[in-house]
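Working notes, structure below.
Nothing in this text is a laboratory measurement; each read-out follows from the coordinates by a stated rule. Please read all numbers here as calculations on a predicted model, not as lab measurements. Reconstructed Cβ throughout: ideal geometry from the backbone, glycine too, with neighbour counts over all protein chains shown.
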């Protein structure tokens, strides 16, 4: 035999649904700051990973330059000539200065 409780059955289901929704909202408000912090930290991790990759590439380039300076006399000579302005005894060094435009002063 089935008993019909009328509106009480419907109200009980509605209250249970509202309680479940309220609990879900409370959990949402409780964990929303943690979720946002997690997202910020993930973005920071991605940024730092990109920075690590950039610095690793710079390190590889510098290691290559160091190895060239240690092992290749032509690299050392090119550096001395270009940066320090050295020349061999029978050579003449001509330096060009970069300045303002060639227009006459007003």
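The tail of the calculated P(r) for the chain beyond 20 Å holds 76 percent of all Cα-Cα pairs.
Here the calculated FRET efficiency for residue 80 and residue 60, from their Cβ-Cβ distance with R0 = 35 Å, stands at 0.90, rounded to the nearest 0.05. Note on residue 36 and residue 8: with the Förster distance fixed at 35 Å, the Cβ-Cβ geometry gives a FRET efficiency of about 0.25. From largest to smallest, the equivalent ellipsoid semi-axes obtained for the stretch 58-102 from the alpha-carbon gyration tensor read 27, 18, 5 Å. Quick one: if the Förster radius is 22 Å, what FRET efficiency do residue 92 and residue 69 give, using the C-beta to C-beta distance and rounding to 0.05? Result of the calculation: an efficiency of 0.25.
For the chain, the longest principal axis of the alpha carbon atoms and the long axis of helix 7-71 meet at an angle near 10°.
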